[in-house]
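Participant: Right, I'll just put the structure down here and ask away after.
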Amino acid sequence: MIKTLITEFPLSEVLVERTVTEEKIRKYTYSKEEVDALIADAVKEAVAEATRIDEESMAKHNRDATVISMILGFTTLALFVDGLLRMLGIIPPFMDLDVNILDKIETDIVDKIKQVPVQKLFQHGFR
């Protein structure tokens, strides 16, 4: 209907003739039903376009969020493993920050074992 209005718009007649007849008015006027139909079609097209844009943007968001989550997860796991290996003494200290706990555990255990009177335990038996 809009294409018809645009193609049949009497541009030359409007410019040349200054009089508007009732017949010309009827030719280019729309009824309420026609206007409602035009509006309904425009609303359907706008909703379809908005739905398509929404689906595309959500797909892009999900893809980007997945990539970011993978990067953060891998980085966190790598830093955790690095700290664990440094605590166990497998990787040497970094910038003189020694967090090795095995040396402390070994010396503590050896000290505790030395404090136990093993000879007395064997003489008197285990009770």
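Quick note: the coordinates plus some simple rules give every number you see, no bench work behind them. Quick caveat, the model's predicted, so the values are computed rather than measured. Here the Cβ is made from the backbone with ideal geometry for all residues, glycine too, and neighbour counts use every protein chain on show.
Participant: Tell me, what HN-Hα J-couplings in whole Hz come from the Karplus equation 6.51 cos²θ - 1.76 cosθ + 1.60 at θ = phi - 60° for each residue of region 88-103, using x for Gly and Pro?
Facilitator: Once rounded to whole Hz, the list reads 7, x, 6, 9, x, x, 10, 6, 6, 9, 8, 10, 5, 9, 5, 4.
Participant: For an R0 of 35 angstrom, estimate the FRET efficiency from the Cβ-Cβ distance between Val67 and Asp103 and round to the nearest 0.05.
Facilitator: That pair, Val67 with Asp103, gives E of 0.30.
Participant: Follow-up. Take region 30-75, drop everything but the C-alpha atoms, weight them equally and run the Debye formula without solvent; then report log10 I(q)/I(0) at 0.20, 0.21, 0.25, 0.29 Å⁻¹ to two decimals.
Facilitator: Here log10 of I(q) over I(0) equals -0.71, -0.73, -0.83, -0.92.
Participant: With a cut-off of 13 Å, note down the residues of region 73-87 whose backbone N falls inside the zone around a label point 7 Å from the Cα of Phe94 toward its beta carbon.
Facilitator: So the set is 75-87.
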